[in-house]
Amino acid sequence: MKKLVSLFLLLLIGLAGVQAQKKANFKAAEKFSSANLNKMLKSTRVNPNWFHESDKFWYSYTTTSGKNFYVVDPARKSKNLLFDNKEFAAKLGELTRGPVNFRDLELKDLELEDDNVTLSFMVDSTDYTYNINTREMVRGDSTEKADKRLDWATYSPDSTYIAFAKNHDLFIMKADDEDSTEIQLTDNGERWFSYQADHGDTTSDKRLRSRARWFEDEKKLYVVKSDQRKVGEFFVINTLENPRPELEVYKYAMPGEKEVPQSRIEIFDIETEAKVEADIDKYKDQTVSTFLPGETSKKLYMTRMNRTSDTLDVGYIDTETGEFKELFTETNHPYFNWSYQQLSIINEGDELLFWSERSGWGQLYLYDGNTGEQKNKITNGGLFVTGRIQKIDTTGRTVYFEGFGREEDTDPYYSIIYKANFDGSGFRKLTPENANHSISMPESNKYIVNNYSSPELVPKSVLRDNNGNVLLELEEADISLLKHAGWKKPERFKVKADDGITDLYGIMYKPFDFDSTKKYPIISYVYPGPFTESFNDNFSITAGYNIALAQLGFVVVSMGHRGGSPKRHKYYHVYGYENLRDYALADDKRSLEQLAERHSWIDIDKVGIFGHSGGGFMSTAALLTYPDFYDVAASSAGNHDNNIYNKWWSETHNGVTRIDKKKKDKDGNEFVETSWNAKIKTNQSLARNLKGHLLLTHGNIDNNVHPTNTLRVVEELQRAGKRFDLMIFPGTRHGYRGSKRSYYEKMMWYYFAEHLLGDYRNNIEINLPDED
C-alpha cells in the first residue's frame, strides 16, 4: 500500500513539474494586439530630407516625449533643433488663433524650399511659411492648395508636357494649362491592347493615366504595350455593390496556356509626332524590361527573357530606327532570380552594371555598353549574395550595394552595406553591426544615413562617412512604453533542414508570462517563398499576428525553408523547382521536431500552422501531407491550385516545358504548333487525408489569388466527407485589411484556442475597429 501511495505521489509531482497550458489568455492577446502595441512605439528610423545641392539634411523623430525636428550638418558633425517647438507653436497659434500641440506638431506637406531657409507647410487648409534663420512665420492663402500634378497625367521631367490616355489612345499636351490643345499620337488603341495604364477601363471621354514614360531630355517618350486581347478572362462578383452585385472582368494568363500577353514597344518623337515600332521579337511569349540611358533619348536599353525564364538578352533599341542591338546573352538554370535581377546604365550606356547568379551567388559585373564585352567582376569580396544596388557614384566610379552571408559571424539574412570600385578594387564593408541595414546618401556621395535593427536589436540611426566610419549617433527608438507594458523581444534560433546539413534560421515568440514548467502547443507561421520567407529581419513589435497569438498560451515560430529566400544562394532558393506544393513541408516539420527536442516546454503533440497566400497554400498542404503531425491549420487566401494562379509565378518556380509538334494545314502545308506543359500538384488532391482541423478563408473579390483556389479544396473536402471550417469575406481583395483583418485575427485566436488548448468559447464578441 505504501508503495502505491508513493507511486501516486511521484506521479502528482511529475504532473506538477510540467503542467499543460489549459486556458487561452485572451486578455493578454488583446493587450498586445497590433492596434494597442502600435500606440506604444513612435519613430523607428531617420528619413533624411537633403538640402538643395548640399550635404545637410533635416528630419523629424518622435519619442514618448514628443516630436522634434532636427537639422544635421555632416561636415561639422552637428545635430541641432530645426526650430524650438514651443516658439514655433506660439507663432502658429498667433496666426491661427487656435490650439497648437507643441509636443506633436501636425504640419501637412512640410518641405524645405530650394533656398534652404524657407519651410512651407499647411495647417487646416491654410498655407504657411517659416524662415529657419529669421524665425519669421507668414500666413498664406486660406484655401487648401490643390495638387497641381493631376493624377491622370504623366509629366515630362521638366513638367513641360503631360502624357495621358483617352479612349485607349495616347495623347500629349502642354502642362501649364489644363485646357491647352490635346495632341493625339495614336488611333489604334483598344480595350486589352491599350495605351491606358488600366487596360480594362472602358471609359471613352475621360482623361486617364497612360503607360507612357518620358526620356530625360523630353524629346521622346515610349510605351510598353501589352496585347491581352486573346488572353482568357477571369471574373469576380462584388456582392456589396448596390443596388445590384457588380461583375468585374479582367484578363489573367494561367500557367501552360497558349494565349498570354505579348509585349510591344513604341517610341514617339514629340516634335514630329512620329511613331517608331521597336523590332524586339525573338523568343515566343518573351518578357521585356526597359531602362532609360540617362539624359539622352538616342537609345533605350532593354532585356528580353524567354518564356522558360532561363535565357536573357541585354541590348538597346535605336530610338530613330527601332532596331534592337543585342549586346550579350546570359543563361541561368533553372530560372533567373527575379528578386535581384538588375541592370544599371552608366554614362548614357558607355558601361553597364549587370547582376548575375552564374556562380551560384549573385554578383555584379561591369560590361562595355557599346560592344557587350565583359570588362570585369566588381564584387570581389568572396562568395556571397550581392543584393540591391544602393547608390552609384559615376564620378568616383564606385557602387554601393547590399550583401548577404559574406561574414561567417553575421546572420545571412541581414543586409550589410558594402562598396567597391567599378574595376573590382576597393571592396569595403561599411556597416559592421550584425543587423539589417538600409542607407540614404546625398548627391555628393560623401555621407551615409544608416538605419539598422534586427528582431532582437532596437532600431538605431547613425551618420557615417562613405568609408563607414560613424560620425554622429542620430537616434534610437524609444521602447519605454513597451517595456512598462511587459513586452519582450523574440528569440532568434537556428536548426537543421530535413537533410541534416542545411542551416535554417527562425524566430520564436513566447507568451510574456512564459513559465518553463508548463507545456505549450507550438504554432508555425509560414510562407514558403521562393522569393522571400515568413520572418522579418527587422525589429518588429507585432510580427504580424505572431506576438498577440503567442499571448494566448502558444509558442509561435517562423523560420526559413530550403527553396525560400534568394538571400542565401542559388541552390537554396531554387530547391523547390518542379515541386511547388511540397518542397517546404519536410523542413517545417523537422524544424518543429528539433525545437521540441531542445525544449521540454514545447508540446509537440499539439501543433498548429497558419499562413496567408502562399502561406495559406503551404499550411493546408502541411496539414494534409502530415495529418498525424499537424493538428490545426488556418489558411487564408491560399493559392491551393497553382494551375489557376498567374503564369509568371507558377511557370517560373515550378517549370514549364515547350512542346513543338509538326502539323499540316488543310492545304497540306506543314507548320509547327507550339504548346506548353506546366502542371502543378494541388492541395485538393490531398483532401481525403484530412484528420485535423482546417479553417479556410478567402476574399470573394480576390483578383490576385482567385477564390476558386479555396473553393476547389472545399469541393474535394466535401466529396471526401470531411469536416472543416470556411469563412468568405465579402468585398475583400487578396490582403485582409482594417476590420476584415481584425475579424480574421480573432477567428484564428478562437480556432487555435479551441483545438490546441481545448478552450472553446461560444458567442464571443469580436470588437472591431471602425470601417476602413
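The values are calculated or read from the model by the stated rules, or taken from the named source; none is laboratory data. Just so it is clear, the structure is predicted and the values come from calculations on it, not from any experiment. For neighbour counting, all protein chains shown are included, and Cβ atoms are generated from backbone atoms with ideal geometry for every residue, glycine included. All accessible areas refer to the heavy atoms of the entire protein, side chains included, with ligands and DNA or RNA removed. Shrake-Rupley method; radii C 1.70, N 1.55, O 1.52, S 1.80 Å.
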Handout entry: Heavy atoms of residue 491 accessible to a 1.4 Å probe, total area in Å² rounded to 10
Key = 80
Fill in the blank from the handout: Quick calc, segment 242-366, dipole around Cα centre from Cβ unit charges on Lys, Arg (+) and Asp, Glu (-), nearest 20 debye, gives 560
Completion exercise
Sorting 472, 444, 462 by the position of each Cα along the dipole of segment 435-476 (Lys, Arg +1; Asp, Glu -1; all at Cβ), the one nearest the positive end of that ordering is 444
Practice task
Please list 350, 127 in order of solvent-accessible area, largest first, computed with a 1.4 Å probe with all protein chains present.
Solution key: 350, 127
Problem - Estimated FRET transfer efficiency when R0 is 41 angstrom, pair residue 117-residue 376 (beta carbons, to 0.05) - result: 0.35
Fill in the blank from the handout: In whole Hz, the Karplus estimates of ³J(HN,Hα) for segment 754-762 (6.51, -1.76, 1.60; θ = phi - 60°; x where Gly or Pro) are 5, 8, 10, 10, x, 9, 8, 10, 9
Problem - Residue-averaged [θ]222 nm for the chain, counting only DSSP H segments that reach four residues, each worth -39500 (n - 2.57) - result: -4500 deg cm²/dmol
Completion exercise
Rounded to a whole number, the Stokes-Einstein D of segment 212-349 in µm²/s (Kirkwood radius over Cα pairs; 37 °C; 0.692 mPa s) is 192
Handout entry: Accessible area of residue 23 in the full protein assembly, 1.4 Å probe (Å², nearest 10)
Key = 130
Problem - Extension reserve of the residue 159-residue 94 stretch, reckoned as 0.36 nm per residue once the Cα distance is removed - result: 19.7 nm
Fill in the blank from the handout: From highest to lowest solvent-accessible area (probe 1.4 Å; ligands, DNA and RNA excluded), 688, 191, 598 read 688, 598, 191
Exercise for the section: With a 1.4 Å probe and every protein chain left in place, tell me how much accessible area residue 95 has, in Å² to the nearest 10. Expected result: 60
Exercise for the section: Determine ³J(HN,Hα), in whole Hz, for all residues of segment 665-682 in sequence, where each value follows from phi through the Karplus function 6.51 cos²θ - 1.76 cosθ + 1.60 and θ = phi - 60°; x replaces Gly and Pro. Expected result: 7, 5, 9, x, 7, 7, 8, 9, 9, 9, 9, 9, 10, 8, 6, 10, 5, 10
Fill in the blank from the handout: Non-local residues with an amide H under 5 Å from the amide H of residue 186, with H modelled 1.01 Å from N and Pro and chain starts lacking one, are 170
Problem - log₁₀ of I(q)/I(0) at q = 0.09, 0.18 Å⁻¹ - segment 85-201, Debye sum with one point per alpha carbon - result: -0.44, -0.90
Handout entry: 5 angstrom amide H check on residue 496, placed H, neighbours 5+ away
Key = 504
Fill in the blank from the handout: Excluding near-sequence neighbours (fewer than 8 apart on one chain), segment 102-249 holds lysine pairs with C-alpha atoms under 22 Å apart numbering 15
Exercise for the section: Report Rg(Cα)/(2.2 N^0.38 Å) for segment 187-227, keeping two decimals. Expected result: 1.24
Problem - residue 727 paired with residue 124, simple spin-label distance in nm, labels 7 Å along Cα-to-beta-carbon - result: 4.3
Exercise for the section: May I ask for log10 I(q)/I(0) of segment 124-278 at q = 0.17, 0.20 Å⁻¹, from a Debye sum over the Cα atoms as equal point scatterers with solvent left out? Expected result: -1.00, -1.19
Fill in the blank from the handout: For residue 351, the residues 5 or more places away or on another chain with a placed amide H closer than 5 Å to its own amide H are 346, 369
Problem - Distance histogram in 10 Å bins (all Cα pairs of segment 135-196, percent per bin) - result: 20, 37, 23, 11, 6, 2
Completion exercise
Between the residues 270, 172, 703, the Cα farthest towards the positive end of the dipole of the chain, that dipole coming from +1 and -1 charges on the beta-carbon of Lys, Arg, Asp and Glu, is from 703
Exercise for the section: Select one label from [x] 15, 40, 32, 13, 1; [y] 12, 26, 24, 17, 12, 5, 2, 2, 0; [z] 13, 41, 39, 7, 1, 0: the one whose number is P(r) over Cα pairs in 20 Å bins from 0, in percent as derived from the coordinates shown. Expected result: [z]
Handout entry: Proximal lysines to residue 391, defined as alpha-carbon separation beneath 19 angstrom and excluding residues fewer than eight positions away on the same chain
Key = 56, 377, 419, 429, 446
Exercise for the section: List, in order, the whole-Hz ³J(HN,Hα) value for each residue of segment 313-319 obtained from phi through the Karplus relation with A = 6.51, B = -1.76, C = 1.60 and θ = phi - 60°; use x for Gly and Pro. Expected result: 9, 10, x, 9, 9, 6, 6
Exercise for the section: Would you mind checking segment 221-241 for residues with the amide N under 17 Å from a putative spin-label position 7 Å along Cα→C-beta of residue 739? Expected result: 239-241
Completion exercise
Ordering 722, 681, 691 by the accessible surface of their heavy atoms, 1.4 Å probe, largest first, yields 691, 681, 722
Practice task
Please give the contour-minus-distance gain from residue 331 to residue 202: 0.36 nm per residue of separation, less the Cα-Cα distance, rounded to one decimal in nm.
Solution key: 42.4 nm
